[in-house]
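*Asks:* Just dropping this structure here.
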Amino acid sequence: MIKASIITIGDELLIGQVIDTNSAWIAQQLNSIGIPVLRRVAVGDQWDEIWSALDDESKKADLIFITGGLGPTADDITKPLLCKYFNGNLILNQEALENVTHLFEKIFKRPITERNIKQAEVPDTCKVIINKKGTASGMQFEKNGTLYFSLPGVPFEMMGMIEEDILPLLTSTYKLPNITHKTLVTYGIGESMLADLLQSFEENLPIHIKMAYLPNHGLVRLRLTATGENKSLVEKEVNTQFDFLQELVKDFLVTNEDEAMENVIGKMLLSRNQTVATAESCTGGYIAHLISGVPGASAYYEGSMITYSYAAKEKSLQVKKSTLEAQGAVSEEVVIEMAKGLLNQLNTTYAIAVSGIMGPGGGMPEKPVGTVWIAITNERKTTAQKFHFRFNRQKNIQLTAMNALNMLRCFINEQD
């Protein structure tokens, strides 16, 4: 079996200034074509560390993916290091130069500098991978039977090169196993309780089918993965087990596809020709961000009102001053008035309203940090629920948003 390793380069990764999303994305792409990733290694902009990582990973992997360190500044040392590692000399590659020149003259529309031109210099021992979205060329090397791909650290540049050049190369070069994934999403049950519920199912899975638990923000994704030589047989086996799994978790099932809650909501609204709007206090527009992040959301999402203050709630959503003074903003009465006011303002099928205390300050004995009220309404019915979250501000916001979307999902289902 062909195996891969990923090396990401940059001091910014090690100090937490930049999150390494490149490794996760590369691993997903490789896994989808049947190539497992053995290790993911992050190193700083240190010559010895990068060199050692290349040596170490070459002992285990058939493919090594390297991202980062290909820029035009002094701290970008990957290219000269690779030149020496693969016993090459830097040369000005004509195809790379034409690409850089085109980008500056036609796309960026600014003069090209000597520093930019140097981006077209590559080791003469590599095969150049043209970067159609940027100036740093990708490079392919071979040493002792191992293939190396050095790619820019800029995610969209790296992604384009892998999708357009590297994946087609790998699938045409190697005989890769068939790999099948099936994923469903649950809500309202924790990972440990799911594991208890599914213990017998998991123990009786065929040896070539594995199940993974992937929890995040109250959701738990369950993924079945199988590999085998006969693609149709593998898919049939996984589908049979997946049907059984769905039945076992039917009380908690959100979707039998690997998709986010906001995508599920979007499909539900589209299929019913319905709309929704959001009134947000404590989440500051995060629910709107999730919903509107789905392509095509304009067909069912009317908009959001972010009303932090009492005055904004009164003016924009017609929340009664007397309700705010008597109950406080974080209360069942207020979120219901927020939701109904929004419904009247935007004339949508459904309205979501949230109000809470995200922290770290602002809590009171009767309403500690993490207290949240969520309301869902339409013309016929209103429901509200109180939550108590116990995390930091960002996690509390994320959980509030996810619970609001799940409440809407349940509310819609109840109307059918």
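The values are calculated or read from the model by the stated rules, or taken from the named source; none is laboratory data. Note that the structure is predicted; figures quoted are calculated from it, not measured. Methodologically, a virtual Cβ is constructed for each residue, glycine included, from the backbone with ideal geometry; neighbour enumeration extends over all protein chains shown.
*Asks:* Which residue out of 183, 101, 125 is modelled with pLDDT of 95 or more, more than 30 Å from residue 225 (Cα to Cα), of a type in the set (S, T, N, Q) and surrounded by 13 or more Cβ atoms within 10 Å (Cβ to Cβ)?
*Replies:* One residue alone meets the criteria, 125.
*Asks:* Six or more apart or on different chains, Cβ atoms under 6 Å: show the pairs whose first residue is in the stretch 188-203 and touching a residue at least 60 places away in the same chain (Cβ under 8 Å) and whose second is surrounded by 15 or more Cβ atoms within 10 Å (Cβ to Cβ).
*Replies:* As it stands, the answer is 188/252; 189/252, since those pairs meet every condition given.
*Asks:* For the stretch 1-13, which residues satisfy the criterion of being out of contact with any Phe, Trp or Tyr (no Cβ under 6 Å at 6 or more places or on another chain) and under 26 Å from residue 147 (Cα atoms)?
*Replies:* 1, 3, 4, 5, 7, 8, 9, 10, 11, 13
*Asks:* Can you name the helices (runs of 4 or more DSSP H) wholly within the stretch 266-360 that have at least 3 residues being under 28 Å from the mean Cα position of the chain (by Cα), assigned by TED's automatic domain parsing to the domain that holds residue 377 and over 21 Å from residue 382 (Cα atoms)?
*Replies:* 286-292
*Asks:* Of the residues that make up the stretch 139-146, is at least one outside any strand (DSSP E or B), small (Gly, Ala, Ser) and on the phi > 0 side of the Ramachandran plot? First the steps, then the outcome.
*Replies:* Pass one, the stretch 139-146, residues outside any strand (DSSP E or B): 144-145.
Narrowing further to those that are small (Gly, Ala, Ser): 145.
Narrowing the set further to residues that are on the phi > 0 side of the Ramachandran plot leaves 145.
Within the stretch 139-146, one or more residues are outside any strand (DSSP E or B), small (Gly, Ala, Ser) and on the phi > 0 side of the Ramachandran plot.
*Asks:* Hey, does the stretch 216-225 have a residue that's surrounded by fewer than 15 Cβ atoms within 10 Å (Cβ to Cβ), farther than 21 Å from residue 408 by Cβ and aliphatic (A, V, I, L, M)?
*Replies:* Among the residues of the stretch 216-225, not one is surrounded by fewer than 15 Cβ atoms within 10 Å (Cβ to Cβ), farther than 21 Å from residue 408 by Cβ and aliphatic (A, V, I, L, M), which makes the answer no.
*Asks:* Still on this structure, I have one more. Report every pair of residues separated by at least 6 positions or lying on different chains whose Cβ atoms are under 6 Å apart, first residue within the stretch 342-363 and on the phi < 0 side of the Ramachandran plot, second among the aromatic types (Phe, Trp, Tyr).
*Replies:* Partner pairs satisfying both residue conditions: 355/373.
*Asks:* Specify the residue that is surrounded by the most Cβ atoms within 10 Å (Cβ to Cβ); the eligible residues are those in the stretch 7-45 that are small (Gly, Ala, Ser), touching a strand residue (DSSP E or B) at 6+ places or on another chain (Cβ under 9 Å) and not in a helix (DSSP H, G or I).
*Replies:* Result: 10.
*Asks:* Among the residues of the stretch 47-65, is there at least one that is assigned by TED's automatic domain parsing to the domain that holds residue 10 and more than 25 Å from residue 4 (Cα to Cα)?
*Replies:* no
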